[in-house]
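One structure below.
The values are calculated or read from the model by the stated rules, or taken from the named source; none is laboratory data. It should be emphasised that the depicted structure is a prediction, and the values quoted were computed from it without experimental measurement. Using ideal geometry, Cβ is built from the backbone for each residue, glycine included, and neighbour counts are taken over all protein chains shown. Ligands, DNA and RNA are excluded from the accessible area calculation, which covers all protein heavy atoms including side chains. Shrake-Rupley method; radii C 1.70, N 1.55, O 1.52, S 1.80 Å.
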Amino acid sequence: MDEEQTSLTFREYLQLERSRAVRHEYIAGELFEMGNLSPEHDAIAVNLSSGLQERLREGDWEVFMGEMILWVEAADVAYYPDVMVVCDPTDSDRDFKTRPILIIEVLSSDTVATDRQEKFRAYQKLPSLREYLLVHQDKVGIEVLRKNAQGNWTEEQLHAKDKLRLDSVPVTLTMAEIYDGVLLAERSL
């Protein structure tokens with residue numbers, strides 16, 4: 001951001017973001033450069049997105065991995081979720097999405113607090129969102145947050161021998177599929 005400019009609108013951010021090589025997240029008019037991803041982070045995100053894409057070929061689902069902006073207008077933020085699924089043909093803007101039913105973030109030591117707190121608070125403002133997954137990259141484990149029929153969020157912890165059964169989309173994935181190609185010291189799948 002220019003020194004003279006103190007705040008950007010979301011539309012100004014979109015225009016700037018199109019012309020930059022480095023991606024930025026947008027939080028209430030300010031831009032924050034995104035850090036580099038580890039090979040483990042990338043492998044897990046690829047495994048999740050390809051597993052979802054493979055199982056959701058039939059239907060109106062769109063799977064996005066890391067390059068699609070999610071605009072949460074109610075929170076005045078825009079993030080690049082590691083993986084998200086949209087199932088709303090009216091959510092058709094080519095530059096960003098606003099109505100995902102599933103969001104997945106792969107945790108790193110640098111992002112764990114932001115993903116669990118700041119992002120989750122923002123994502124909860126999305127009426128469409130049904131599930132939010134926090135996937136560990138340094139150990140086998142997933143935190144599954146689901147919105148129930150009353151609109152409350154519940155949490156389920158998954159470990160190495162568990163299967164990920166999603167409610168937002170008709171998909172089940174094994175931990176072996178999710179962590180395929182990821183070398184972890186304690187991995188025992």
- Message: Tell me the per residue accessible area of region 36-189 using a 1.4 Å probe; a whole number in Å² is fine.
- Response: 50 Å²
- Report the trypsin sites (Lys or Arg not before Pro) located in region 69-118 that are in a DSSP loop and have at most 16 other Cβ atoms inside 10 Å of their Cβ, or state none. Arg94
- Message: Considering the Cα positions of region 88-128, please state its Rg to one decimal place and its Dmax as a whole number of Å.
- Response: 12.2, 36
- Would you kindly derive the ³J(HN,Hα) couplings of region 120-130 from the backbone phi angles with the Karplus curve 6.51 cos²θ - 1.76 cosθ + 1.60 (θ = phi - 60°), listing them in order in whole Hz, with x for Gly and Pro? 4, 4, 5, 4, 5, 7, 8, x, 6, 5, 10
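DSSP loop (so not H, G, I, E, B), at most 12 other Cβ within 10 Å: list which GluC sites (Glu not before Pro) in region 31-77 pass both filters. Don't jump to the answer; show the numbers that get you there.
Values: sites: Glu33, Glu40, Glu54, Glu58, Glu62, Glu67, Glu73; in loops: Glu58, Glu67.
Those satisfying the criteria are Glu58, Glu67.
Could you please put Asp93, Asp180 in sequence from largest to smallest accessible area, using a 1.4 Å probe? If you can, show how the numbers build up before the last one.
Values: Asp93 55, Asp180 95 Å².
Highest to lowest solvent-accessible surface, that is Asp180, Asp93.
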- Output the pairs from Lys119/Lys161; Lys97/Lys119; Lys119/Lys163; Lys97/Lys139 with a Cα-Cα distance over 20 Å in this structure; if there are none, say none. Lys119/Lys161; Lys119/Lys163; Lys97/Lys139
- Of Thr90, Thr114, ordered by accessible area with the largest first and a 1.4 Å probe, the sequence is Thr90, Thr114
- Item | Dipole of the chain, positive direction: furthest Cα of Thr172, Tyr132, Thr114, with charges on the beta-carbon | Thr172
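To the nearest 500 deg cm²/dmol, what mean residue ellipticity at 222 nm is calculated for the chain from DSSP H runs of n ≥ 4 alone, each contributing -39,500 (n - 2.57), summed and divided by the residues? List each step's numbers first, then the result.
Details: 4 runs with 34 residues, N = 189.
Taken over the chain, the calculation gives -5000 deg cm²/dmol.
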- Message: Given the whole protein assembly as supplied and a 1.4 Å probe, what does the accessible area of Arg18 come to in Å², nearest 10?
- Response: 140 Å²
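So, with +1 on the Cβ of K and R and -1 on the Cβ of D and E, and no other charges, what is the size of the charge dipole of region 67-189 about its Cα centre, to the nearest 20 debye?
380 debye
Determine one quarter of the surface area of the Cα convex hull of the chain, which equals its mean projected area, and express it in nm² to one decimal. Show your work: numbers first, answer last.
Details: hull surface 44.3 nm².
So the mean shadow area of the Cα hull is 11.1 nm².
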